Amino acid sequence: MIFAVDVGNTNITCAIMEKMEVKTSFRITTKLQRTSDEFGLLITDFLKHGGIAIEDIEDVIIASVVPAVMHSLVNSIVKYLNKKPMIVGEGTKTGLMIKTANPKEIGADRIVDAVGAYDLYGGPVIVCDFGTATTYDLITEDGAFVVGITSPGLKICANALWNDTAKLPEIEIELPPSILAKDTVTSMQAGLVYGCIGQTDYIIRKVIEESGLKNVNVVATGGLGRLISDNCNAIKVYDRDLTMKGLWLIYSKTKK
């Protein structure tokens with residue numbers, strides 16, 4: 001089993017992977033400043049709760065877009081799990097060709113998702129990740145990462161609504177019964193969720209149109225991905241564990 005870690009802007013998602021299967025997973029808030037000991041105690045407590053013995057962990061792999069937490073996090077893994085983690089970046093083998101203008105600007109999380117989607121579902125494929133930001137990435141049939149589109153995530157948009165207006169309340173992000181909103185809460189939900197669904201359908205359609213590619217798979221992941229994918233005609237597959245599967249695949253390719 002390997003310990004896979006995805007350090008995102010909002011949460012650090014951790015999973016114990018046995019090949020492509022998630023045995024147990026948990027999340028830690030990213031934005032809090034923590035020492036290596038605090039990380040270590042959180043991780044070992046979560047593993048114990050999941051029935052995972054530390055000695056059963058063979059290795060650790062991390063993908064991160066938040067450099068500020070890496071020193072403490074890596075040190076906690078070395079100290080408490082007795083493993084030097086593999087960090088997704090230069091030297092890790094993905095099987096993809098990054099053909100954007102500046103490959104170093106592509107976040108590790110997007111690379112990991114792209115590997116998972118391409119290896120599991122084939123190319124050409126568009127990967128939609130509904131996280132802190134909403135991203136749309138295109139990987140061609142021959143495994144070239146050629147397009148990356150970034151927009152504000154649903155929670156960023158929601159926070160802007162209730163933080164930058166005097167009377168709009170904080171609401172739960174969910175699909176309202178109808179777009180024909182009758183009150184403030186459902187009007188905000190309709191604008192946020194249906195707006196995101198419309199954006200997603202349009203961006204995917206334009207990417208396929210302008211790329212000229214045929215038979216494009218569209219795979220979604222991310223915390224709010226299920227909400228959008230269930231109501232979006234363009235998305236064919238929702239894979240909650242795509243990032244963790246991508247980490248396992250990169251680990252396997254690199255070790256080989």
For this session: Could you give the DSSP H helices of the chain that reach 18 angstrom or more along their long axis (alpha carbon positions) and whose average Kyte-Doolittle hydropathy is no lower than -1.0?
Result: 36-49, 108-121, 195-211, 242-255
Problem set entry | Sites Arg226 and Thr100 - FRET efficiency at Förster radius 35 Å, r taken between beta-carbons, to 0.05 | 0.80
Seminar exercise, completed: Per the charge dipole of the chain (beta-carbon charges, Lys/Arg positive, Asp/Glu negative, Cα centre), the residue among Ala15, Ser151, Ala181 reaching farthest to the positive end is Ala15
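Grab the DSSP H runs of the chain that are 4 residues or longer, score each as -39,500 (n - 2.57), total them, divide by all residues and round the 222 nm result to the nearest 500 deg cm²/dmol.
When only DSSP H runs of four or more count, the value is -11000 deg cm²/dmol.
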Exercise. Under 12 Å from a point 7 Å along the Cα-to-Cβ line of Leu32: which residues of the range 64-108 have their amide N that close?
Worked result: none
For this session: Kindly rank 148-155, 168-175, 235-242, 8-15 from highest to lowest mean number of other beta carbons found within 10 Å of each residue.
Result: 8-15, 235-242, 148-155, 168-175
For this session: Any chance you could tell me what percent of the C-alpha pair distances in the chain go past 32 Å?
Result: 27
Exercise. Who wins for biggest fluctuation among Tyr136, Tyr202, Tyr194 in a Gaussian network model of the chain, springs between alpha carbons below 10 Å?
Worked result: Tyr202
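Cβ neighbours within 10 Å, averaged per peptide: list 116-122, 1-7, 75-81 in order, most packed at the top.
Those peptides, ordered most packed to least, come out 1-7, 116-122, 75-81.
FYI, it's all coordinate maths here, none of it is from the lab. What you see is a predicted model; the values in this text were computed from it and never measured. So basically every Cβ, Gly included, is an ideal-geometry build from the backbone, and we count neighbours across all protein chains shown.
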